[in-house]
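Below is one structure, written out as structure tokens; comments come after it.
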Ligand code: FE2
């Protein structure tokens with residue numbers, strides 16, 4: 001098996017989004033515009049409510065899917081399909097914007113802990129850009145968690161780990177999305193489909209990633225929180241933790257299609273972006 005090596009380590013940049021939410025962005029930046037099929041990766045979270053209470057008031061999306069994973073705290077949401085509710089600690093929300101939705105996402109001050117989570121945008125292929133919008137939410141208790149004897153814990157959000165299938169099954173790009181915790185001295189290995197784009201986001205501790213020699217630990221790349229790392233092609237991801245590390249591991253099949261993006265709209269051509277803006281002006285955005 002070819003172990004994937006690390007080809008890039010990126011420090012997320014702070015950006016202001018929505019009505020004034022401070023977050024750390026790793027995809028959709030000048031450094032990394034697009035990591036086919038992933039369009040955006042944001043890490044939001046702060047102990048200071050002023051950094052997020054302004055939230056993301058009503059806004060449109062078209063042509064993409066979004067996956068929100070809450071580590072802590074709570075985000076209230078509602079959308080043009082009539083859905084509403086709260087995404088809380090450990091919950092997942094995934095939404096197929098398709099032809100178009102309008103929604104709001106409002107982080108709230110938690111009773112305890114901090115407000116923290118991730119949002120990933122996954123591209124839709126040309127033939128599904130205008131598919132019917134869908135919204136699904138999963139509670140923390142519905143997300144399978146594998147606890148191994150060696151202390152490694154994996155929450156299987158999408159994809160599969162040691163035969164346990166993930167909670168999210170209908171994202172069109174068929175991504176894998178794991179939340180992995182490795183205790184001191186633990187070795188994690190996970191097969192990843194050859195050809196799939198694969199990244200990890202380290203948000204606790206430090207791990208050694210890549211094609212590391214298991215005796216000398218040579219050739220691995222030591223990466224500590226908070227960093228985004230991109231793997232080269234191969235069919236296995238290997239991570240060793242000297243101390244403790246927690247990261248998400250995401251992979252998906254690249255689409256290899258042209259993209260035209262304008263804020264929350266991601267299409268294939270600039271004409272389609274113009275159409276989205278026209279639909280919004282004309283009040284025909286939500287089909
Ligand atoms: Fe949104």
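The values are calculated or read from the model by the stated rules, or taken from the named source; none is laboratory data. Computed from a predicted model, the values in this text were never measured in an experiment. Note: ideal-geometry Cβ built from the backbone for every residue, glycine included; neighbour counts use all protein chains shown.
Every listed requirement among (1) within 16 Å of the ligand (Cβ to nearest atom); (2) in a strand (DSSP E or B); (3) over 22 Å from residue 158 (Cβ atoms) is met by residue 14 save one, (1). Report yes if residue 180 is in a strand (DSSP E or B) and more than 16 Å from the ligand (Cβ to nearest atom), otherwise no. Against the criterion (in a strand (DSSP E or B) and more than 16 Å from the ligand (Cβ to nearest atom)), residue 180 qualifies.
Name the single residue that is farthest from the ligand (Cβ to nearest atom) among those in the range 50-79 being in a loop (DSSP other than H, G, I, E, B) and buried (at least 17 other Cβ atoms within 10 Å of the Cβ).
73
Under the condition of being within 16 Å of the ligand (Cβ to nearest atom), crowded, with 18+ Cβ neighbours inside 10 Å and part of a strand (DSSP E or B), the residues counted in the range 250-267 number 3.
Among the residues of the range 6-32, what is the count of those that are closer than 23 Å to residue 103 by Cβ and out of contact with any strand residue (DSSP E or B) (no Cβ under 7 Å at 6 or more places or on another chain)?
First, the residues of the range 6-32 that are closer than 23 Å to residue 103 by Cβ: 15-28.
Right, trim to out of contact with any strand residue (DSSP E or B) (no Cβ under 7 Å at 6 or more places or on another chain) and you get 20.
Number satisfying all stated conditions: 1.
Figure legend. Inter-residue proximity from the range 83-96: first residues closer than 17 Å to residue 109 by Cβ and away from the ligand (no atom under 12 Å from the Cβ), second residues at pLDDT below 95 and outside any strand (DSSP E or B), beta-carbon distance below 7 Å, spacing 6+ or different chains. Indicated pairs: 89/73. For the range 20-49, residues that are away from the ligand (no atom under 14 Å from the Cβ) and in contact with a helix residue (DSSP H, G or I) (Cβ under 8 Å, 6 or more places away or on another chain) total 1. Per the conditions (1) within 17 Å of residue 245 (Cα to Cα); (2) at pLDDT 95 or above, the sole criterion not satisfied by residue 196 is (1). Give the residue that is surrounded by the fewest Cβ atoms within 10 Å (Cβ to Cβ), with candidates limited to residues of the range 97-111 that are free of Cβ contacts under 8 Å to residues at least 60 places away in the same chain and more than 12 Å from the ligand (Cβ to nearest atom). Filtering the range 97-111 for residues that are free of Cβ contacts under 8 Å to residues at least 60 places away in the same chain and more than 12 Å from the ligand (Cβ to nearest atom), the one surrounded by the fewest Cβ atoms within 10 Å (Cβ to Cβ) comes out as 111. What residue, among those in the range 112-144 that are surrounded by 22 or more Cβ atoms within 10 Å (Cβ to Cβ) and not in a loop (DSSP other than H, G, I, E, B), is nearest to the ligand (Cβ to nearest atom)? Selected residue: 121.
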